[in-house]
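Presented below is the structure to which this report refers.
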Amino acid sequence: MKVYEGIAGFVPKGNAIVTSGTFDGVHIGHQKILNTLQDIAAATGGETVLITYWPHPRLVLNPEAHIKLLTTFDEKSRVLEGFGLDHLIKIPFTKEFARTSSLDFIRNILVNGIGTHTLVIGYDHRFGHNREGNFESLKANAANYGFRVEEIPRQDVDNVGVSSTKIRKALWQGDIRTANAFLGWEYCLNGTVVPGAQRGRQIGFPTANIQINDPLKLIPADGVYAVRVILDNKLYRGMLNIGNRPTVDGAQHAIEVHILDFDGNLYDRPIRIKMVARIRPEKRFADMNELR
């Protein structure tokens, strides 16, 4: 997969099978779009292209909302590459770009910038200034500009429509099972192991303190979680605690993982945590011995 910083470096293909959007989380609705891209590309001999925006539009247009992200750009790129995407175009999202009309987006980006053969969008896709563009306006312009447009219906889990917003809500509530079902993969935290107070080692359960790589990354609700840990491409089972460690000091919010069947130096090493299930909320014990 080739990644482009903006549209200028992309050479129009003429046979591009395209989609666009933030794709935060690359959830099962996004995955349906990506699989459709691949199917159409295979049938037409085309190349798959995804146009995404960075930073997330809501960070620019509604900064007071303090949105947190399901996937950083690097995480999103990794997942997208796993779907066999050929080209990923990262368009810098600014207030100026937000004023682009839907017609200018079609002409300047989809047609002249990319050479779109087929555009695949989700059922609720909106684009252009004030979100004026939609499936109907795309259909109305597609014939004039020589491309096709295909709409993907809503993807449901237990009769609930999947969206990035609903996944964020589930994670805020610690509902990892629902979040993972909507994502189609286990929610991940990527970070670096940093020194801690080593109190876990004192009671026989050494923990690694995790510094998350991106401050915009959504951290699930405080509590204790069953996790899978990836270190040096090896997979381990583990227990993760997110919270203020009330039994210890309760002073600083921390993310700590105890890795089962592992004994070694972790400091300054990259670590990936795959969230499996929430076991319980964080709680205060009488003393350190009760934590054993």
Condition check for L37: among the aliphatic types (A, V, I, L, M) and touching a helix residue (DSSP H, G or I) at 6+ places or on another chain (Cβ under 8 Å): no
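Residues that are of a type in the set (K, R), at least 3 per element: which helices (runs of 4 or more DSSP H) completely within the range 82-181 meet that? Give the steps one after another, and end with the answer.
Values: elements: 95-98, 135-145, 164-172.
Once the helices (runs of 4 or more DSSP H) in the range 82-181 are filtered for at least 3 residues that are of a type in the set (K, R), what remains is 164-172.
Residue by residue, here is whether (1) closer than 19 Å to I271 by Cβ; (2) in the same structural domain as V26 (by TED's automatic domain parsing); (3) modelled with pLDDT of 95 or more holds:
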| residue | (1), (2), (3) |
| --- | --- |
| Q173 | no, no, yes |
| R177 | no, no, yes |
| A197 | yes, no, no |
| R201 | yes, no, no |
| F205 | yes, no, no |
| N213 | yes, no, no |
| L218 | yes, no, yes |
| Y236 | yes, no, yes |
| L240 | yes, no, yes |
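Just to be sure, is I230 in contact with a strand residue (DSSP E or B) (Cβ under 7 Å, 6 or more places away or on another chain), part of a strand (DSSP E or B) and modelled with pLDDT of 95 or more? Steps first, please.
Working: in contact with a strand residue (DSSP E or B) (Cβ under 7 Å, 6 or more places away or on another chain): yes; part of a strand (DSSP E or B): yes; modelled with pLDDT of 95 or more: yes.
So I230 passes the test.
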Considering each residue of the range 106-151, count those that are in contact (Cβ under 8 Å) with a residue 60 or more places away in the chain and either among the aromatic types (F, W, Y) or touching a His at 6+ places or on another chain (Cβ under 9 Å) (or both), and give that number. 3
Subset of the range 182-196, residues aliphatic (A, V, I, L, M) and not in a helix (DSSP H, G or I), comes to L189, V193, V194
When every residue in the range 47-81 that is aliphatic (A, V, I, L, M) and assigned to a helix (DSSP H, G or I) is compared, the one farthest from N15 (Cα to Cα) is A65
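The values are calculated or read from the model by the stated rules, or taken from the named source; none is laboratory data. Every value quoted in this text rests on a predicted model; they were computed, and no experiment measured them. As a convention, Cβ positions derive from the backbone with ideal geometry for all residues, glycine included, and neighbour counts pool all protein chains shown.
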